[in-house]
Amino acid sequence: MHNKIVKIASSALTGGKLLEKLKPLVHWEAQWDASRTKCLGITREVTFKDYETTWAFLTRVSMRSHLWGHHPLIHTSYTWVKLELRTHDTEPKDTDKGQLSDIDVRMAKRIDSYIDDGTR
């Protein structure tokens, strides 16, 4: 398989645009800075019905991550998965911890569709 990966610069989400983009991500939990003014990332946990379904889901996430050049942090144990999304190279860069970007929201929506497929 041959993939042409094109890295697209991500932009940090702030203010009203951030709140607007978080609204449809009802299963994701926002991680905030100490002053609760900047979203540092989002997390979601899910439990699948069996080991095979879990790994089918993880394979889909890994392939999409590779194609988009944007990789979530993944914790897994048998049927349980926790995903963390944040971007470390957002523009403007004003934190070394990363923050939520447009590509994180796009990836979260895609992951949600994979979870819907795996939990039916």
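The values are calculated or read from the model by the stated rules, or taken from the named source; none is laboratory data. Just so we're clear, the structure is a prediction, and the values are computed from it rather than from any experiment. Positions of Cβ are generated from backbone atoms using ideal geometry, with glycine treated the same way; all protein chains shown enter the neighbour counts.
Quick one: how many residues across segment 40-56 are under 16 Å from residue 113 (Cα atoms), touching a Ser or Thr at 6+ places or on another chain (Cβ under 9 Å) and crowded, with 18+ Cβ neighbours inside 10 Å?
3
Based on this model, can you work out whether residue 59 counts as loosely packed, with under 13 Cβ neighbours inside 10 Å and part of a helix (DSSP H, G or I)?
yes
Go through segment 101-116 and give me each residue that's over 9 Å from the mean Cα position of the chain (by Cα), charged (D, E, K, R) and surrounded by fewer than 15 Cβ atoms within 10 Å (Cβ to Cβ).
Going through segment 101-116, the residues over 9 Å from the mean Cα position of the chain (by Cα) turn out to be 101-102, 112-116.
Filter once more, keeping what is charged (D, E, K, R): 102, 112, 116.
Matches in segment 101-116: 116 only.
If you take the residues of segment 64-84 that are more than 15 Å from residue 115 (Cβ to Cβ) and of a type in the set (A, V, I, L, M), which of them is nearest to the chain's Cα centre (by Cα)?
73
Inspect segment 78-89 for any residue being of a type outside the set (Val, Ile, Thr) and at pLDDT below 85 and give the result as yes or no.
Checked against the condition, which is being of a type outside the set (Val, Ile, Thr) and at pLDDT below 85, segment 78-89 yields at least one hit.
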